[in-house]
């Protein structure tokens, strides 16, 4: 989790407006459960909504 949080901080340093909605657009998973799993992880790592 520490690595994930560090990665989110790095992303936000470069793209401060990047958020969960941006991720949903970038990663069009065909299965909703896979997208939900990704979103849960990004949220836990501190990516804003």
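With contacts defined as alpha carbon pairs under 8 Å and 6 or more residues apart, what's the relative contact order of the chain in percent?
With pairs under 8 Å counted, the relative contact order is 51 percent.
What full-extension length gain, to one decimal in nm, is calculated for residue 7 and residue 21 as 0.36 nm per residue of separation minus the Cα-Cα distance?
That pair, residue 7 and residue 21, stretches by 3.3 nm at full extension.
All of the numbers you see were taken from the coordinates with simple rules; none came from a lab. In this text the structure is predicted, and so the values were computed from the model without any measurement.
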